[in-house]
Each structure stands twice: as structure tokens, then as C-alpha cells.
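These notes are about the structure you will find just below.
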Amino acid sequence: MADESTDRVVEEDSGNSNVNDNANDTLKYQLLGPSLTKAGQDAVNQQKVSEIIYNASKGSKFFNHEQERDRNQTLKIERIAAEKVRLEKLDLSHDLRRADEYLAELELTRDLSQYVIHVDCDAFFAAVEELDRPELKTVPMAVGKGVLTTCNYVARKFGIRSGMASFVAKKLCPQLVLLPSNYEKYTAKATEIRTILAQYDPLFESASCDEAYLNITAYCDENQMDPDEAVQRLRAEILENTKISVSAGIAPNAKIAKISSNINKPNGQFRVANERIAVMEFMQSLPCRKVNGIGRVFERELDSIGIKTCGDIYPQRAILTKLFGEKAFQFLAQCYLGLGRTNIEPVETHERKSVSTETTFHEIGDKEELRGKLRWAAEEMEKDLARTQFKSRTLCLKVKLHTFEVLTRQTAPPRAVSQAKDLYTYALPMLIKLEKEIPGMKLRLLGLRCSNLVTTKKTGLNFFGFTAQPKPPTVEPPEPTKEREIGAEEAFEAAARQEVQDEMNDLEQLSQEAAIPDQSIPTIEAGPEAGPVEESPAQWECPICSKPQMADDRGFNDHVDFCLSRQTIREATQDTHSVIDEPSQGTGSRKRKPVNPGGNEDPRQKRLFFR
DNA sequence: GCGGATCAC
DNA sequence: TATGGTGATCCGC
């Protein structure tokens with residue numbers, strides 16, 4: 001059976017013009033940027049836009065790099081297509097049975113009892129700017145320098161999109177108005193919106209600055225309201241109170257809600273009913289690219305084996321694991337069935353895994369100047385680590401060459417680090433090594449990333465009041481006062497001396513593969529070696545609700561904000577049910593199953609849950 | 001565990 | 001003239 005259907009697809013596939021017929025087609029598609037399939041592009045002559053972008057980019061280093069990437073992807077895709085042909089000559093009955101068993105297993109996890117919605121602000125940054133300057137509503141306008149972060153719907157008619165280089169956008173539309181971004185303003189507006197969201201689901205989940213997931217099952221129950229009606233009300237309330245228009249998707253799970261919020265954008269909503277048949281039909285004709293987690297590359301790979309829509313996944317199910325791996329198979333199986341998570345939870349409950357900082361600059365080859373950039377990155381990282389209250393056991397240096405090629409090198413300092421001078425000291429040898437590997441190295445970006453994080457926060461109780469760890473977690477002792485009093489300049493001079501030492505030893509070190517810095521570096525002070533990585537998520541007591549809280553500094557979603565807005569709501573609405581006051585009683589106020597059917601929501605974004 | 005690649009926003 | 005920053009995951013080695 002699988003053989004029959006896959007054969008059919010092969011034949012259909014031979015006429016596919018998207019894949020290999022014209023190498024420039026895929027490159028042009030690539031150059032159009034990632035947001036092509038998003039909303040607002042219907043009226044655009046995509047062919048013409050593509051030509052303009054292509055010509056504006058042609059010959060640049062960026063273009064050459066994209067071309068190179070495109071070539072590699074094309075090669076990979078050819079291998080995949082050839083492998084498919086090879087596989088289909090084999091006996092696939094075992095793989096087919098295994099796939100079907102997995103699908104049957106997944107089917108058992110289907111949960112149609114919840115109303116999950118995804119709320120997405122329409123052209124958010126641009127919309128906020130238009131509130132201050134209404135005259136911009138009727139002209140093409142975008143926010144961002146160098147690269148656009150957002151543009152209004154007038155600009156989209158010209159083929160302009162977020163993520164586009166502004167000089168390219170100007171070619172598409174010379175009269176485009178460009179505004180610098182003002183994140184404080186957007187944050188303030190986002191807070192207003194979240195205040196309203198909390199009334200519909202106090203445990204809503206901010207997906208980003210301008211997006212959120214809500215589970216409105218309880219709200220609908222309590223208010224005897226249809227989900228469509230509830231969302232109409234929610235959107236009207238947001239528009240009235242904040243003057244921001246939002247779109248929404250309503251579905252049995254987050255994955256479909258997310259897709260649905262784009263369907264009637266802007267200022268619209270779309271619902272997929274909580275019925276198996278409705279879900280299956282919706283997925284059947286849905287282009288894979290619409291699913292969160294399937295980007296331009298995976299889209300091309302799937303296309304090359306005849307999968308364009310989620311419905312196309314089924315006939316190919318027997319070969320997916322061998323072609324793309326187990327994770328991808330499981331993910332695609334969930335796409336086909338239209339499964340997704342239903343447990344929506346505040347983002348504070350997620351555990352941070354890394355902190356990073358990076359900047360792009362004009363091409364730099366001068367070694368001293370590059371050290372200056374590294375120093376700056378180290379200083380930024382120190383601030384970020386202080387803000388997030390972490391130390392790091394793994395330090396990663398990221399550079400982008402003038403050719404746009406990206407390289408990373410990581411190292412594990414002998415102990416967790418957080419101070420700029422330490423970060424600099426341990427990152428510098430990696431930079432030096434790269435300079436030796438790449439003679440005449442010229443960079444356009446340099447950054448640092450810290451992972452394997454160790455919290456410096458006081459330990460306590462987690463969100464639900466359980467102790468976070470069986471053993472008392474290690475807490476980094478405060479730095480000795482002596483260290484604190486050393487000024488940054490002084491510290492860097494010390495690091496610079498170390499650098500000279502490093503460079504003197506460099507040849508020998510390299511020959512022994514010993515890019516490990518001298519461990520007698522002044523800053524390393526006693527203190528117990530950090531034991532097992534501190535993972536306690538609960539760190540501080542909320543000044544509003546006096547409950548121990550998960551720590552996470554992500555501004556938009558911080559708990560205090562949440563509590564404050566909840567207080568405001570309660571004052572305004574005489575809210576009496578307020579089960580959210582008692583987070584320790586369970587999974588919150590919602591009537592819903594706490595389980596996550598088929599937790600593998602996204603091939604590249606693992607969700608984190610309470611332990 | 002490391003480095004490259006992909007993805008989202 | 002000129003193409004971003006942050007965080008996360010997966011894969012092959």
C-alpha cells in the first residue's frame with residue numbers, strides 16, 4: 001500500500017518546478033526571506049519583487065553566501081530524493097507497520113476537550129508607532145534600522161517584509177518611511193494587552209512580545225460562552241482599551257491555534273472546531289510550511305519527496321524516519337494528525353538554558369580592534385548574567401566572517417564564570433586560535449554565549465511549593481569584596497597582561513592542543529567548586545503575592561508584572577473566583593487535563609514542564 | 001561534548 | 001554602501 005502511494009507521488013514529483021529545475025529559483029526564494037508565507041502578501045507581484053531583491057543583492061558578500069548555502073541545500077536535497085528512490089526498492093513493511101503503530105498510539109493521546117487560542121498583534125511595532133503618528137497609517141512604513149523588524153500593511157503591498165534589509169525595502173518602495181525602534185514603548189503597550197489577556201486566562205503564556213497562548217476553556221464554561229464569542233469579546237476589548245488590533249486562532253491545541261491566527265489576519269479570527277474530522281481536514285490541505293518548526297529548508301526537503309501539505313505526510317510515513325530521523329518522524333506524525341499541546345502555562349515556569357550577546361559591525365581585521373569588541377561583549381555578558389543571576393560553566397565564542405560564514409568555539413572554564421574579565425580571559429584564547437586558523441581573518445560579528453548555567457540566586461520553593469531539588473543545591477558564594485573593588489579597566493589590564501602571556505605561549509599551547517588558559521588567573525578565588533549544576537527554578541518571593549516564585553527576568557513575563565495586573569483586574573472586576581491566588585493547589589484554575597498529549601510539539605523546541 | 005545548521009520572532 | 005539579536009533544538013561526529 002505504501003509502495004503504491006509513494007510511487008504515485010514520485011510521478012507527480014517529476015514535474016516539480018520548485019526543486020531542481022532552476023537553481024536560481026530556490027536562491028530567489030531564499031532571498032525573499034523567511035516571512036514569505038506569513039500574512040499580507042496576497043496582492044503582491046511576487047515574481048517582480050523577487051527580481052528586485054535578487055538584483056539588489058547580486059554580487060554582494062551576503063548574496064554569495066546565500067548562494068553557497070543554497071547550493072549545499074540543493075545537494076542535500078538531491079541526496080534525500082535519491083535515498084527515497086533507493087528505499088522504495090526495499091521491503092518497507094516493517095517500517096510501515098512501525099509508523100502505523102506510532103500513529104495509532106498518538107491517536108490515543110488526542111485531546112479535544114480544550115479551547116486553546118493564539119493571539120497575535122497585527123504588525124505590532126508599526127501599529128504602536130501609528131498610535132503616536134496616525135498620519136503614518138496611510139503610507140508605507142517600517143520599523144527598524146538595517147533590517148526591518150516590522151512593517152505596516154501598506155508597506156506589505158510593495159512586497160516589504162520583516163527581516164528585509166532596509167536598503168532592499170527602499171528599492172521596492174522608495175517612499176517607505178523608516179522609524180527607529182522604541183522597545184520601551186512596545187513593552188508598555190504589550191503590558192496593557194497582557195492585562196486584558198489575564199482576565200481570560202490568568203495562566204496565559206506569552207510566546208513573544210506580541211503573541212500569546214491562552215486556554216479559555218474555563219472562561220467559556222464560567223461565562224456560558226462559545227469560544228468564538230469569547231474571542232470576539234477579547235479582541236474587541238483589546239482594540240477598545242489599547243487601540244491595537246489583534247488576530248486570533250481558536251483550536252483544540254496550541255499548534256493549530258497558532259496556524260489559525262494567521263488565517264484571517266489582520267484583525268480577524270479563525271476557528272478549527274474541536275472535532276477530529278475538522279482537525280484532520282484542516283491539516284490535510286495545509287501547506288507544511290505553515291506549521292511552526294517547518295522552515296524554508298525543511299519545506300524544500302519535504303517538497304523533494306512529494307510532501308507539500310500535512311496530508312501528504314501520510315503516504316510517505318514509512319520512509320520518514322530513515323530520511324529525516326526519529327524526532328522529525330514523530331513531529332511530522334503529529335502534524336498529520338493535527339495534534340499539539342493543550343497545556344498553556346506562564347513562561348516564568350520555563351528554565352533558561354543560555355544567555356548570549358552579539359553585535360554586528362563594519363568588517364574588522366585588526367586584532368586590537370577585535371579584542372575591543374570581545375571586551376565589549378564580555379562587559380555586556382557580565383551585565384546580562386548579573387541581571388539573570390547566573391554564572392556559566394560553558395563559554396562559547398561566536399564570530400561571523402566577512403563572508404557571512406559563522407563559526408563557534410566553546411570552552412569550559414575551570415569554574416563557573418560571570419565577571420567580564422573572566423569571560424574575556426577565557427574567550428580570548430578561542431579568538432586567538434581562530435586568528436591562527438584563518439590567516440587575515442576579518443569579522444563582521446562577534447558574540448558570546450553562556451550555557452551550562454549555574455544560578456546565583458537563593459534557593460527556595462518552586463512555583464508549586466515543592467522543594468526544587470532533593471539535595472540542597474549549591475549556591476555560588478558572593479564574590480570576595482576585593483574582587484568587587486577592582487575596576488573594569490584594571491581588570492582588563494590584568495586580562496590584557498594575561499593575553500600577552502597567552503600569546504607568548506601560544507605556539508606551544510597550540511601544538512599541544514592546549515587552548516586552556518593559565519589557571520592561575522587572578523580572578524579565580526577559592527569558593528567551593530560548583531557541584532552539580534544548580535537547577536532550582538524557585539528563587540524569590542513575590543512582593544505582591546508573597547509566594548515563592550520562579551526566577552526569570554524576561555521582562556514581559558515577569559511574575560510581579562503578572563501579579564500587579566491581576567491585582568488591577570481584581571479591583572476593576574471584583575473577581576471572586578481567583579483560583580490563581582492558590583497556585584500550590586494544583587495546576588491552576590482551569591478545568592483541563594494537565595497532560596501534554598504527544599509532548600513532541602516541535603522538532604526544535606522542546607517544551608519544559610514541571611518536575 | 002562540540003560545532004554546524006535550522007527555526008522562531 | 002548596505003542584510004539583526006536572542007534563545008532553543010537537532011544531527012553528525
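Per-structure values
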item	result
Sole residue being within 14 Å of DNA strand B (Cβ to nearest atom) and under 19 Å from A:Lys258 (Cβ atoms), chosen from A:Leu332, A:Leu337	A:Leu332
Residue count for region A:148-162, restricted to those that are within 23 Å of the chain's Cα centre (by Cα) and over 11 Å from A:Val49 (Cβ atoms)	6
Matching residues in region A:67-108 - criterion: being free of Cβ contacts under 8 Å to residues at least 40 places away in the same chain, within 13 Å of DNA strand B (Cβ to nearest atom) and either more than 30 Å from A:Asn24 (Cβ to Cβ) or not polar (S, T, N, Q) (or both)	A:Glu68, A:Arg69, A:Leu75, A:Arg79
Residue in region A:241-263 that is within 16 Å of DNA strand B (Cβ to nearest atom), of a type outside the set (Lys, Arg) and open to solvent by 50 Å² or more (accessible area, probe 1.4 Å) present	yes
Considering residues of region A:407-463 that are over 24 Å from the mean Cα position of the chain (by Cα) and part of a strand (DSSP E or B) only, the residue nearest to DNA strand B (Cβ to nearest atom)	A:Thr411
Hey, A:Thr349 away from DNA strand C (no atom under 15 Å from the Cβ), out of contact with any helix residue (DSSP H, G or I) (no Cβ under 6 Å at 6 or more places or on another chain) and over 30 Å from A:Leu446 (Cα atoms) or not	no
Neighbours by Cβ (under 8 Å, 6+ apart or cross-chain): first from region A:352-380, within 18 Å of A:Thr403 (Cα to Cα) and in the same structural domain as A:Ser392 (by TED's automatic domain parsing); second among the aromatic types (Phe, Trp, Tyr) and more than 15 Å from DNA strand B (Cβ to nearest atom)	A:Thr359/A:Trp376
Test for A:Val291: is it of a type in the set (A, V, I, L, M), in contact with a helix residue (DSSP H, G or I) (Cβ under 8 Å, 6 or more places away or on another chain) and either more than 30 Å from A:Arg194 (Cα to Cα) or modelled with pLDDT under 95 (or both)	no
Output for region A:125-141, where each listed residue is touching a Leu at 6+ places or on another chain (Cβ under 9 Å) and more than 15 Å from DNA strand B (Cβ to nearest atom)	A:Glu129, A:Glu130, A:Arg133, A:Leu136, A:Val139, A:Pro140, A:Met141
Residue check, A:Ile238 farther than 17 Å from A:Val116 by Cβ, in contact with a Leu (Cβ under 9 Å, 6 or more places away or on another chain), assigned to a helix (DSSP H, G or I) and away from DNA strand C (no atom under 12 Å from the Cβ)	yes
Number of positions in region A:105-148 that are open to solvent by 50 Å² or more (accessible area, probe 1.4 Å), within 23 Å of A:Gly163 (Cα to Cα) and assigned to a helix (DSSP H, G or I)	3
Subset of region A:284-307 that is in a loop (DSSP other than H, G, I, E, B) and under 22 Å from A:Asp100 (Cβ atoms) - its residue that is nearest to DNA strand B (Cβ to nearest atom)	A:Val291
Pairs, first of a type in the set (A, V, I, L, M, F, W, C) in region A:394-421, second within 7 Å of DNA strand B (Cβ to nearest atom), C-beta under 6 Å, six or more apart	A:Leu395/A:Thr411; A:Cys396/A:Thr408; A:Cys396/A:Gln410; A:Leu397/A:Arg409; A:Val399/A:Leu407; A:Ala412/A:Thr394
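The rows are residues; the columns are (1) in contact with a Cys (Cβ under 9 Å, 6 or more places away or on another chain); (2) open to solvent by less than 30 Å² (accessible area, probe 1.4 Å).
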{"position": "A:Ile277", "(1), (2)": "no, no"}
{"position": "A:Cys288", "(1), (2)": "yes, yes"}
{"position": "A:Gly306", "(1), (2)": "no, yes"}
{"position": "A:Pro315", "(1), (2)": "no, yes"}
{"position": "A:Leu320", "(1), (2)": "no, yes"}
{"position": "A:Gln330", "(1), (2)": "no, no"}
{"position": "A:Cys335", "(1), (2)": "yes, yes"}
{"position": "A:Gly365", "(1), (2)": "no, no"}
{"position": "A:Glu382", "(1), (2)": "no, no"}
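The values are calculated or read from the model by the stated rules, or taken from the named source; none is laboratory data. Everything numeric here is computed off the predicted structure, so don't read it as measured data. So basically every Cβ, Gly included, is an ideal-geometry build from the backbone, and we count neighbours across all protein chains shown. Ligands, DNA and RNA are stripped out before the accessible areas are found, and what is left, the full protein with its side chains, is counted by its heavy atoms. Shrake-Rupley method; radii C 1.70, N 1.55, O 1.52, S 1.80 Å.
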